[in-house]
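The values are calculated or read from the model by the stated rules, or taken from the named source; none is laboratory data. Here the structure is a predicted model, which means the values were calculated and not measured. Cβ: placed from backbone, ideal geometry, glycine included. Neighbour counts: every protein chain shown. These area figures cover heavy atoms from the full protein model, side chains too; ligands, DNA and RNA do not enter into them. Shrake-Rupley method; radii C 1.70, N 1.55, O 1.52, S 1.80 Å.
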Amino acid sequence: MKRFLALATLLVLSATGCTASQEKSSSATPASEPFTSRVLTTGLADPWEITWGPDGFLWVTEKTGKRVTRINPSDGSKSTVVSIADVYSTESQDGLLGMAFRPDFLKGNNDVYLAYTYDADPGPAVDRRTKIVRYIYDPAAHTLSRPVDLITGLSASTDHNSGRLVVGPDQKLYYSIGDQGNNQFERFCNPTRAQDLPTAADVSNRNWATYVGKILRLNLDGSIPADNPVIKGVRSHIYSYGHRNPQGLVFGPGGRLFSAEHGPKADDEINLIHAGKNYGWPYVSGFKDDESYVYGNWSASTTPCASLHYDNFAIPPSVPQQRETAWSDPDYVEPLKTLYTVPNGYNFHDPACGDQSYICWPSIAPSSMDYVPADQGVFDGWRNSLLVTSLKNGALYCLRLTQDGGSVQGDITQFFKTTNRYRDLALSPDHRTVYISTDSTGLSGPKFGPPTEKLDNPGAILEFTYVGPR
Ligand SMILES: [Ca+2]
Ligand SMILES: [Ca+2]
Ligand SMILES: [Ca+2]
Ligand SMILES: [Ca+2]
(Lines give C-alpha, C1' and ligand atoms only; values in the text may rest on other atoms or scores of the structure.)
(Ligands and ions follow the chains in the order given, each with its own letter.)
Protein backbone atom coordinates (compact mmCIF):
# COMPACT_ATOMS: atom_id res chain seq x y z
CA MET A 1 0.00 0.00 0.00
CA LYS A 2 2.84 2.38 0.83
CA ARG A 3 4.34 1.96 -2.61
CA PHE A 4 1.06 2.82 -4.25
CA LEU A 5 0.56 5.84 -2.01
CA ALA A 6 3.85 7.39 -2.93
CA LEU A 7 3.37 6.62 -6.60
CA ALA A 8 -0.17 7.91 -6.80
CA THR A 9 0.56 11.14 -4.95
CA LEU A 10 3.43 11.80 -7.27
CA LEU A 11 1.35 10.99 -10.33
CA VAL A 12 -1.60 13.11 -9.33
CA LEU A 13 0.78 16.01 -9.51
CA SER A 14 2.51 15.00 -12.69
CA ALA A 15 0.15 12.94 -14.84
CA THR A 16 1.35 12.33 -18.36
CA GLY A 17 -0.19 11.01 -21.55
CA CYS A 18 0.28 7.55 -23.06
CA THR A 19 2.93 8.31 -25.62
CA ALA A 20 4.17 11.23 -27.61
CA SER A 21 1.74 10.53 -30.44
CA GLN A 22 -1.21 10.32 -28.09
CA GLU A 23 -0.28 13.58 -26.45
CA LYS A 24 -0.53 15.18 -29.84
CA SER A 25 -4.12 14.01 -30.27
CA SER A 26 -5.25 14.52 -26.67
CA SER A 27 -6.09 17.84 -25.10
CA ALA A 28 -6.25 16.56 -21.49
CA THR A 29 -4.01 18.51 -19.16
CA PRO A 30 -2.69 16.97 -15.94
CA ALA A 31 -4.38 18.18 -12.79
CA SER A 32 -2.43 20.05 -10.12
CA GLU A 33 -4.91 19.98 -7.22
CA PRO A 34 -3.72 18.22 -4.04
CA PHE A 35 -5.22 14.81 -3.34
CA THR A 36 -4.10 12.03 -1.02
CA SER A 37 -4.73 8.46 -2.02
CA ARG A 38 -4.91 4.97 -0.58
CA VAL A 39 -6.04 1.50 -1.57
CA LEU A 40 -9.32 1.12 0.33
CA THR A 41 -9.70 -2.59 -0.36
CA THR A 42 -8.49 -5.37 -2.68
CA GLY A 43 -9.52 -8.94 -3.50
CA LEU A 44 -12.61 -8.05 -5.53
CA ALA A 45 -13.44 -10.12 -8.63
CA ASP A 46 -13.83 -7.48 -11.35
CA PRO A 47 -15.66 -4.77 -9.42
CA TRP A 48 -17.98 -3.16 -11.96
CA GLU A 49 -20.50 -0.71 -10.50
CA ILE A 50 -19.47 1.23 -7.38
CA THR A 51 -22.15 3.40 -5.76
CA TRP A 52 -22.24 5.42 -2.56
CA GLY A 53 -25.21 3.97 -0.67
CA PRO A 54 -27.53 6.10 1.47
CA ASP A 55 -26.42 3.88 4.39
CA GLY A 56 -22.95 5.44 4.22
CA PHE A 57 -21.36 2.32 2.72
CA LEU A 58 -19.97 1.69 -0.74
CA TRP A 59 -21.96 -0.84 -2.74
CA VAL A 60 -20.11 -2.74 -5.45
CA THR A 61 -21.15 -5.33 -8.04
CA GLU A 62 -18.47 -7.91 -8.82
CA LYS A 63 -18.79 -8.88 -12.47
CA THR A 64 -17.08 -12.26 -12.38
CA GLY A 65 -17.53 -12.64 -8.60
CA LYS A 66 -21.32 -12.74 -9.18
CA ARG A 67 -22.02 -10.93 -5.93
CA VAL A 68 -22.90 -7.57 -4.46
CA THR A 69 -20.45 -6.40 -1.80
CA ARG A 70 -20.89 -3.67 0.80
CA ILE A 71 -17.69 -1.88 1.83
CA ASN A 72 -17.07 0.26 4.91
CA PRO A 73 -15.41 3.42 3.52
CA SER A 74 -13.49 4.10 6.73
CA ASP A 75 -11.55 0.82 6.94
CA GLY A 76 -12.30 -1.07 3.69
CA SER A 77 -13.88 -4.05 5.48
CA LYS A 78 -16.43 -5.77 3.29
CA SER A 79 -19.37 -8.15 3.45
CA THR A 80 -21.39 -9.98 0.81
CA VAL A 81 -24.93 -8.68 0.46
CA VAL A 82 -26.00 -11.32 -2.07
CA SER A 83 -24.41 -13.96 -4.30
CA ILE A 84 -26.29 -14.68 -7.52
CA ALA A 85 -25.58 -18.16 -8.89
CA ASP A 86 -27.76 -17.40 -11.93
CA VAL A 87 -25.15 -14.93 -13.26
CA TYR A 88 -23.30 -16.22 -16.35
CA SER A 89 -19.88 -14.65 -16.60
CA THR A 90 -16.70 -15.24 -18.55
CA GLU A 91 -13.53 -13.16 -18.56
CA SER A 92 -15.07 -10.84 -21.16
CA GLN A 93 -17.84 -8.24 -20.90
CA ASP A 94 -20.62 -10.43 -19.46
CA GLY A 95 -21.51 -10.98 -15.80
CA LEU A 96 -23.03 -8.97 -12.96
CA LEU A 97 -23.07 -5.39 -14.23
CA GLY A 98 -25.26 -2.41 -13.33
CA MET A 99 -26.84 -1.57 -9.97
CA ALA A 100 -29.11 1.30 -8.96
CA PHE A 101 -31.11 2.58 -5.99
CA ARG A 102 -34.19 4.74 -5.96
CA PRO A 103 -33.69 8.24 -4.52
CA ASP A 104 -35.83 7.22 -1.52
CA PHE A 105 -33.77 4.08 -0.78
CA LEU A 106 -33.82 3.38 2.99
CA LYS A 107 -36.33 6.21 3.40
CA GLY A 108 -39.38 4.00 3.05
CA ASN A 109 -38.08 1.97 0.11
CA ASN A 110 -35.64 -0.97 0.13
CA ASP A 111 -35.48 -1.86 -3.59
CA VAL A 112 -32.15 -2.50 -5.34
CA TYR A 113 -32.03 -2.94 -9.11
CA LEU A 114 -29.41 -5.17 -10.74
CA ALA A 115 -28.57 -6.06 -14.35
CA TYR A 116 -26.71 -9.22 -15.28
CA THR A 117 -26.12 -11.78 -17.99
CA TYR A 118 -27.46 -15.31 -17.62
CA ASP A 119 -27.70 -18.50 -19.68
CA ALA A 120 -31.26 -18.82 -21.02
CA ASP A 121 -30.60 -22.32 -22.47
CA PRO A 122 -31.39 -25.03 -19.91
CA GLY A 123 -29.21 -27.55 -21.79
CA PRO A 124 -25.46 -27.61 -22.41
CA ALA A 125 -25.61 -24.84 -25.04
CA VAL A 126 -25.20 -21.22 -23.91
CA ASP A 127 -27.84 -18.65 -24.82
CA ARG A 128 -26.31 -15.55 -23.26
CA ARG A 129 -29.00 -13.00 -22.31
CA THR A 130 -29.36 -10.02 -20.00
CA LYS A 131 -32.03 -9.40 -17.39
CA ILE A 132 -32.87 -6.59 -14.99
CA VAL A 133 -33.96 -7.76 -11.56
CA ARG A 134 -35.32 -6.05 -8.44
CA TYR A 135 -34.15 -7.26 -5.03
CA ILE A 136 -35.29 -6.16 -1.58
CA TYR A 137 -32.70 -5.13 1.01
CA ASP A 138 -33.01 -6.19 4.63
CA PRO A 139 -31.18 -3.39 6.51
CA ALA A 140 -30.94 -5.44 9.72
CA ALA A 141 -29.40 -8.55 8.12
CA HIS A 142 -27.54 -6.55 5.40
CA THR A 143 -28.75 -8.95 2.70
CA LEU A 144 -30.65 -8.80 -0.56
CA SER A 145 -33.42 -11.31 -1.25
CA ARG A 146 -36.76 -11.89 -2.99
CA PRO A 147 -35.64 -11.22 -6.59
CA VAL A 148 -38.26 -10.35 -9.20
CA ASP A 149 -37.43 -10.29 -12.91
CA LEU A 150 -38.37 -6.93 -14.44
CA ILE A 151 -37.26 -7.69 -18.00
CA THR A 152 -35.55 -10.81 -19.36
CA GLY A 153 -34.25 -12.01 -22.71
CA LEU A 154 -32.33 -8.86 -23.64
CA SER A 155 -29.44 -9.45 -26.03
CA ALA A 156 -26.03 -10.03 -24.46
CA SER A 157 -22.54 -10.40 -25.82
CA THR A 158 -18.94 -10.84 -24.83
CA ASP A 159 -18.26 -7.46 -26.43
CA HIS A 160 -19.93 -4.01 -26.24
CA ASN A 161 -22.43 -5.22 -23.68
CA SER A 162 -22.79 -1.82 -21.90
CA GLY A 163 -24.80 -2.59 -18.71
CA ARG A 164 -25.07 0.77 -16.95
CA LEU A 165 -28.27 1.12 -14.90
CA VAL A 166 -29.55 4.32 -13.27
CA VAL A 167 -32.82 5.52 -11.77
CA GLY A 168 -33.79 8.94 -13.10
CA PRO A 169 -35.35 11.82 -11.17
CA ASP A 170 -38.54 10.78 -12.97
CA GLN A 171 -38.46 7.43 -11.09
CA LYS A 172 -37.75 5.47 -14.29
CA LEU A 173 -34.97 2.94 -14.91
CA TYR A 174 -32.47 3.82 -17.63
CA TYR A 175 -30.34 1.01 -19.04
CA SER A 176 -27.68 1.02 -21.76
CA ILE A 177 -27.07 -1.82 -24.22
CA GLY A 178 -24.14 -1.73 -26.63
CA ASP A 179 -24.07 -2.89 -30.24
CA GLN A 180 -22.74 -6.30 -29.09
CA GLY A 181 -19.40 -5.73 -30.81
CA ASN A 182 -20.88 -6.65 -34.19
CA ASN A 183 -19.18 -5.68 -37.46
CA GLN A 184 -15.70 -6.00 -35.94
CA PHE A 185 -13.18 -8.59 -34.74
CA GLU A 186 -14.61 -12.12 -34.34
CA ARG A 187 -18.18 -10.80 -34.81
CA PHE A 188 -17.38 -8.95 -38.02
CA CYS A 189 -19.99 -10.75 -40.14
CA ASN A 190 -22.84 -9.89 -37.76
CA PRO A 191 -24.48 -6.64 -38.82
CA THR A 192 -24.61 -3.68 -36.44
CA ARG A 193 -28.24 -3.17 -35.42
CA ALA A 194 -27.91 0.11 -33.52
CA GLN A 195 -30.15 1.80 -36.13
CA ASP A 196 -32.78 -0.97 -36.19
CA LEU A 197 -36.08 -0.33 -34.44
CA PRO A 198 -38.79 -2.75 -33.30
CA THR A 199 -42.12 -3.23 -35.01
CA ALA A 200 -45.32 -3.12 -32.97
CA ALA A 201 -45.44 -6.92 -33.32
CA ASP A 202 -41.89 -7.24 -31.92
CA VAL A 203 -42.94 -5.26 -28.86
CA SER A 204 -46.13 -7.26 -28.25
CA ASN A 205 -44.16 -10.51 -28.72
CA ARG A 206 -41.52 -9.27 -26.25
CA ASN A 207 -38.87 -9.67 -28.96
CA TRP A 208 -36.11 -7.32 -27.83
CA ALA A 209 -33.60 -8.17 -30.61
CA THR A 210 -33.52 -4.56 -31.86
CA TYR A 211 -32.75 -3.14 -28.40
CA VAL A 212 -28.98 -3.35 -29.07
CA GLY A 213 -27.13 -0.05 -29.48
CA LYS A 214 -29.84 1.71 -27.45
CA ILE A 215 -30.56 3.47 -24.18
CA LEU A 216 -33.72 2.01 -22.66
CA ARG A 217 -36.23 3.64 -20.29
CA LEU A 218 -38.40 1.35 -18.17
CA ASN A 219 -41.01 1.73 -15.48
CA LEU A 220 -39.80 0.44 -12.11
CA ASP A 221 -41.79 -2.75 -12.75
CA GLY A 222 -40.08 -3.26 -16.14
CA SER A 223 -43.03 -2.20 -18.29
CA ILE A 224 -42.92 0.39 -21.09
CA PRO A 225 -43.62 3.92 -19.80
CA ALA A 226 -46.69 5.49 -21.40
CA ASP A 227 -44.65 8.65 -22.13
CA ASN A 228 -41.73 6.92 -23.83
CA PRO A 229 -41.00 8.37 -27.29
CA VAL A 230 -42.80 7.00 -30.34
CA ILE A 231 -39.95 6.32 -32.77
CA LYS A 232 -40.83 5.57 -36.42
CA GLY A 233 -44.39 4.86 -35.30
CA VAL A 234 -43.66 2.49 -32.39
CA ARG A 235 -43.42 3.05 -28.66
CA SER A 236 -41.12 0.59 -26.90
CA HIS A 237 -38.54 0.62 -24.09
CA ILE A 238 -36.19 2.48 -26.46
CA TYR A 239 -35.39 6.01 -25.30
CA SER A 240 -32.59 6.80 -27.78
CA TYR A 241 -30.74 4.87 -30.47
CA GLY A 242 -27.68 4.79 -32.73
CA HIS A 243 -25.28 4.10 -29.84
CA ARG A 244 -22.09 2.02 -30.00
CA ASN A 245 -21.29 1.12 -26.37
CA PRO A 246 -22.61 3.70 -23.88
CA GLN A 247 -21.13 2.51 -20.60
CA GLY A 248 -21.44 5.84 -18.80
CA LEU A 249 -24.91 7.17 -17.87
CA VAL A 250 -25.53 9.97 -15.39
CA PHE A 251 -28.17 12.59 -14.65
CA GLY A 252 -26.84 16.14 -14.50
CA PRO A 253 -28.30 19.60 -14.00
CA GLY A 254 -31.98 20.11 -14.70
CA GLY A 255 -32.60 16.38 -15.05
CA ARG A 256 -30.42 16.15 -18.16
CA LEU A 257 -29.17 12.67 -19.04
CA PHE A 258 -25.57 12.35 -20.26
CA SER A 259 -23.84 9.33 -21.78
CA ALA A 260 -20.18 8.43 -22.24
CA GLU A 261 -19.64 6.04 -25.15
CA HIS A 262 -16.72 4.00 -26.41
CA GLY A 263 -15.55 5.09 -29.85
CA PRO A 264 -13.61 2.84 -32.25
CA LYS A 265 -10.00 3.97 -32.69
CA ALA A 266 -10.87 7.57 -31.92
CA ASP A 267 -14.02 9.52 -31.07
CA ASP A 268 -15.27 8.38 -27.70
CA GLU A 269 -18.39 10.49 -27.25
CA ILE A 270 -19.99 12.53 -24.48
CA ASN A 271 -23.65 12.90 -25.40
CA LEU A 272 -26.64 14.78 -24.06
CA ILE A 273 -29.47 12.27 -24.43
CA HIS A 274 -32.83 13.44 -25.77
CA ALA A 275 -35.93 11.24 -26.01
CA GLY A 276 -36.39 9.62 -29.42
CA LYS A 277 -33.14 10.91 -30.92
CA ASN A 278 -30.57 9.13 -33.08
CA TYR A 279 -26.90 9.27 -32.07
CA GLY A 280 -25.64 8.14 -35.46
CA TRP A 281 -23.73 4.89 -34.97
CA PRO A 282 -22.58 3.12 -37.16
CA TYR A 283 -22.99 5.79 -39.85
CA VAL A 284 -21.23 8.45 -37.81
CA SER A 285 -18.41 8.16 -35.27
CA GLY A 286 -17.87 11.30 -33.19
CA PHE A 287 -18.82 14.39 -35.18
CA LYS A 288 -20.14 14.10 -38.74
CA ASP A 289 -16.86 15.28 -40.24
CA ASP A 290 -15.56 12.42 -42.45
CA GLU A 291 -12.36 12.38 -40.38
CA SER A 292 -10.53 9.06 -39.86
CA TYR A 293 -13.72 6.96 -39.96
CA VAL A 294 -15.84 5.39 -42.67
CA TYR A 295 -18.66 2.88 -42.14
CA GLY A 296 -17.79 -0.41 -43.84
CA ASN A 297 -20.65 -2.92 -43.55
CA TRP A 298 -18.89 -6.31 -43.60
CA SER A 299 -22.14 -8.30 -43.46
CA ALA A 300 -23.16 -6.74 -46.82
CA SER A 301 -19.98 -7.89 -48.61
CA THR A 302 -20.55 -8.92 -52.23
CA THR A 303 -18.30 -11.91 -51.65
CA PRO A 304 -19.56 -13.92 -48.68
CA CYS A 305 -18.37 -12.29 -45.45
CA ALA A 306 -17.38 -15.64 -43.94
CA SER A 307 -14.71 -16.02 -46.64
CA LEU A 308 -13.10 -12.70 -45.69
CA HIS A 309 -10.35 -12.05 -43.17
CA TYR A 310 -11.16 -9.19 -40.79
CA ASP A 311 -8.78 -6.28 -40.83
CA ASN A 312 -9.26 -3.30 -38.53
CA PHE A 313 -7.47 -0.96 -40.92
CA ALA A 314 -8.16 -2.15 -44.49
CA ILE A 315 -11.74 -2.66 -45.72
CA PRO A 316 -11.81 -5.06 -48.72
CA PRO A 317 -13.35 -3.82 -52.01
CA SER A 318 -16.28 -6.26 -51.64
CA VAL A 319 -17.41 -4.50 -48.45
CA PRO A 320 -19.65 -1.47 -49.10
CA GLN A 321 -18.39 1.77 -47.55
CA GLN A 322 -20.29 4.94 -46.69
CA ARG A 323 -18.89 8.31 -45.71
CA GLU A 324 -20.38 10.01 -42.68
CA THR A 325 -21.68 12.95 -44.69
CA ALA A 326 -23.48 10.61 -47.12
CA TRP A 327 -25.92 9.76 -44.31
CA SER A 328 -28.52 12.00 -42.76
CA ASP A 329 -31.46 11.73 -40.40
CA PRO A 330 -33.54 14.65 -39.07
CA ASP A 331 -33.37 13.07 -35.60
CA TYR A 332 -29.55 12.85 -35.58
CA VAL A 333 -27.76 14.52 -32.65
CA GLU A 334 -24.03 15.35 -32.62
CA PRO A 335 -21.96 14.62 -29.49
CA LEU A 336 -21.14 17.39 -27.02
CA LYS A 337 -17.49 16.38 -27.02
CA THR A 338 -15.18 13.68 -28.35
CA LEU A 339 -12.08 12.09 -26.80
CA TYR A 340 -10.41 12.43 -29.18
CA THR A 341 -10.98 13.29 -32.82
CA VAL A 342 -8.00 12.98 -35.17
CA PRO A 343 -7.66 13.94 -38.83
CA ASN A 344 -7.55 11.66 -41.85
CA GLY A 345 -4.09 10.18 -42.27
CA TYR A 346 -3.49 9.89 -38.52
CA ASN A 347 -1.01 7.09 -37.79
CA PHE A 348 -2.74 4.59 -35.49
CA HIS A 349 0.35 2.33 -35.46
CA ASP A 350 2.44 3.68 -32.62
CA PRO A 351 5.65 1.61 -32.56
CA ALA A 352 6.02 2.23 -28.82
CA CYS A 353 2.83 0.22 -28.29
CA GLY A 354 3.94 -2.79 -30.37
CA ASP A 355 1.30 -5.40 -31.26
CA GLN A 356 -1.16 -3.86 -28.84
CA SER A 357 -1.33 -0.49 -30.53
CA TYR A 358 -5.04 -0.12 -29.73
CA ILE A 359 -4.11 0.83 -26.19
CA CYS A 360 -2.41 3.95 -27.57
CA TRP A 361 -5.16 5.00 -29.97
CA PRO A 362 -6.70 8.40 -29.24
CA SER A 363 -9.84 6.84 -27.67
CA ILE A 364 -9.63 6.42 -23.86
CA ALA A 365 -12.28 3.67 -23.40
CA PRO A 366 -14.64 5.66 -21.16
CA SER A 367 -16.11 3.09 -18.78
CA SER A 368 -18.33 5.27 -16.61
CA MET A 369 -19.29 8.80 -15.66
CA ASP A 370 -20.45 10.78 -12.64
CA TYR A 371 -21.59 14.37 -12.13
CA VAL A 372 -20.44 17.00 -9.59
CA PRO A 373 -23.17 19.63 -9.03
CA ALA A 374 -22.33 23.32 -9.42
CA ASP A 375 -22.76 24.08 -5.72
CA GLN A 376 -20.90 21.01 -4.43
CA GLY A 377 -17.51 20.87 -6.15
CA VAL A 378 -14.68 21.06 -3.65
CA PHE A 379 -12.60 23.27 -5.92
CA ASP A 380 -13.48 25.45 -8.83
CA GLY A 381 -12.39 23.07 -11.58
CA TRP A 382 -14.73 20.36 -10.36
CA ARG A 383 -17.95 22.31 -10.06
CA ASN A 384 -20.69 21.47 -12.58
CA SER A 385 -18.48 18.80 -14.15
CA LEU A 386 -18.66 15.34 -15.62
CA LEU A 387 -16.03 12.90 -14.31
CA VAL A 388 -15.20 10.05 -16.72
CA THR A 389 -13.17 6.91 -15.90
CA SER A 390 -10.82 5.48 -18.53
CA LEU A 391 -10.01 1.79 -18.91
CA LYS A 392 -7.14 2.18 -21.32
CA ASN A 393 -5.39 5.07 -19.63
CA GLY A 394 -6.07 4.39 -15.93
CA ALA A 395 -7.09 7.97 -15.29
CA LEU A 396 -10.09 10.15 -14.46
CA TYR A 397 -11.07 12.85 -16.97
CA CYS A 398 -12.89 15.99 -15.87
CA LEU A 399 -15.12 17.84 -18.37
CA ARG A 400 -16.70 21.11 -17.24
CA LEU A 401 -20.25 21.90 -18.28
CA THR A 402 -21.43 25.34 -19.29
CA GLN A 403 -23.56 27.19 -16.76
CA ASP A 404 -26.77 26.09 -18.48
CA GLY A 405 -25.56 22.47 -18.30
CA GLY A 406 -26.18 21.93 -21.99
CA SER A 407 -22.64 21.68 -23.33
CA VAL A 408 -19.00 21.06 -22.43
CA GLN A 409 -16.54 23.96 -22.13
CA GLY A 410 -12.82 24.45 -21.76
CA ASP A 411 -9.98 21.99 -21.46
CA ILE A 412 -10.29 18.41 -20.29
CA THR A 413 -8.28 17.73 -17.11
CA GLN A 414 -6.71 14.38 -16.25
CA PHE A 415 -6.50 13.11 -12.64
CA PHE A 416 -5.13 10.09 -10.75
CA LYS A 417 -3.06 8.45 -13.50
CA THR A 418 -1.92 4.95 -12.48
CA THR A 419 -1.24 1.65 -14.28
CA ASN A 420 -4.75 0.26 -13.79
CA ARG A 421 -8.00 -0.07 -15.68
CA TYR A 422 -10.56 2.31 -14.09
CA ARG A 423 -14.00 0.72 -14.30
CA ASP A 424 -16.35 2.98 -12.35
CA LEU A 425 -16.42 5.70 -9.72
CA ALA A 426 -18.47 6.93 -6.79
CA LEU A 427 -18.31 10.21 -4.89
CA SER A 428 -18.66 10.76 -1.15
CA PRO A 429 -21.63 12.98 -0.21
CA ASP A 430 -19.31 15.94 0.48
CA HIS A 431 -17.63 15.40 -2.94
CA ARG A 432 -14.15 15.51 -1.37
CA THR A 433 -13.45 11.83 -1.99
CA VAL A 434 -13.54 9.82 -5.19
CA TYR A 435 -13.70 6.02 -5.08
CA ILE A 436 -12.61 4.16 -8.21
CA SER A 437 -13.07 0.45 -8.95
CA THR A 438 -10.38 -1.30 -11.00
CA ASP A 439 -10.52 -4.33 -13.31
CA SER A 440 -8.92 -7.53 -12.02
CA THR A 441 -7.13 -8.25 -15.31
CA GLY A 442 -6.48 -6.67 -18.69
CA LEU A 443 -4.19 -4.33 -20.52
CA SER A 444 -3.43 -0.82 -19.30
CA GLY A 445 -1.87 2.14 -20.97
CA PRO A 446 1.57 2.83 -19.61
CA LYS A 447 2.69 5.56 -17.30
CA PHE A 448 6.03 5.03 -18.98
CA GLY A 449 7.04 2.45 -21.58
CA PRO A 450 4.88 -0.11 -23.38
CA PRO A 451 1.34 -1.24 -22.45
CA THR A 452 1.26 -3.80 -19.67
CA GLU A 453 -0.98 -6.42 -18.06
CA LYS A 454 0.93 -5.94 -14.80
CA LEU A 455 -1.63 -3.77 -13.05
CA ASP A 456 -0.75 -1.75 -9.92
CA ASN A 457 -3.97 -2.56 -8.08
CA PRO A 458 -6.10 -5.27 -9.73
CA GLY A 459 -9.63 -5.83 -8.37
CA ALA A 460 -9.41 -2.94 -5.94
CA ILE A 461 -11.15 0.19 -4.73
CA LEU A 462 -8.87 3.22 -4.82
CA GLU A 463 -9.66 6.29 -2.74
CA PHE A 464 -8.59 9.83 -3.64
CA THR A 465 -9.34 12.64 -1.17
CA TYR A 466 -9.00 16.34 -1.86
CA VAL A 467 -6.91 18.03 0.83
CA GLY A 468 -6.69 21.56 -0.53
CA PRO A 469 -8.72 24.63 0.43
CA ARG A 470 -12.29 24.99 -0.71
CA1 LIG B 1 -20.87 4.46 -10.05
CA1 LIG C 1 -27.13 -23.85 -20.99
CA1 LIG D 1 -22.72 9.56 -32.00
CA1 LIG E 1 -16.55 11.55 -37.40
Å² per residue, accessible surface of region 242-384 at 1.4 Å: 39
At 1.4 Å probe size, what's the solvent-accessible area of residue 227? Round to the nearest 10 Å². 100
With all protein chains present and a 1.4 Å probe, the order of 380, 289 from largest accessible area down is 380, 289
Please report, in cubic angstrom per residue, the volume enclosed by the convex hull of the alpha-carbon atoms of region 92-151. 107
Cα-based Rg and Dmax for the chain, in Å, come out at 21.2, 64
Kirkwood-based Rg to Rh ratio, region 287-423, C-alpha trace: 1.05
Solvent accessible area, Å² - residue 421, 1.4 Å probe, full protein context: 40
Greater than 19 Å apart at Cα, pairs in 131/214; 214/417; 131/172: 214/417
Under 18 Å Cα-Cα from residue 337, which aspartates and glutamates qualify once same-chain neighbours fewer than 8 residues away are excluded? 23, 261, 267, 268, 269, 289, 290, 291, 324, 370, 404, 411
Quick one: which residues, 5 or more positions from residue 412 or on another chain, have an amide H under 5 Å from its amide H? H modelled 1.01 Å from N in the peptide plane, none for Pro or chain starts. 29
Round to the nearest 10 and report in Å² the accessible area of residue 392, as given by a 1.4 Å probe over the protein chains' heavy atoms. 10
Assuming a ≥ b ≥ c are the square roots of the Cα gyration tensor eigenvalues, decide whether region 228-319 counts as rounded (a/c under 1.5), prolate (otherwise, with a/b larger than b/c) or oblate. prolate
If you plug each phi of region 409-414 into the Karplus form 6.51 cos²θ - 1.76 cosθ + 1.60 with θ = phi - 60°, what whole-Hz ³J(HN,Hα) values come out, in order, with x for Gly and Pro? 10, x, 6, 8, 10, 10
Of 309, 262, ordered by accessible area with the largest first and a 1.4 Å probe, the sequence is 309, 262
Just to be sure I understand: of the beta bridges DSSP finds with both ends in region 95-144, what percent are antiparallel, rounded to 5? 95
When the Karplus curve 6.51 cos²θ - 1.76 cosθ + 1.60 is applied with θ = phi - 60°, which whole-Hz ³J(HN,Hα) does each residue of region 42-56 get, with x for Gly and Pro? 10, x, 8, 9, 6, x, 10, 9, 10, 9, 7, x, x, 8, x
Among 219, 407, 341, the residue whose Cα sits farthest towards the positive end of the charge dipole of the chain, when +1 is placed on the Cβ of each Lys and Arg and -1 on the Cβ of each Asp and Glu, is 219
Over region 66-203, what number does the Rg to Rh ratio reach, with both radii from the alpha-carbon atoms and Rh per Kirkwood? 1.01
On the protein heavy atoms, probe 1.4 angstrom, tell me the percent of accessible surface of the chain carried by carbon and sulfur. 51
Over region 43-126, one equal point on each Cα, no solvent: what is log10 I(q)/I(0) by the Debye formula at q = 0.19 Å⁻¹? -0.83
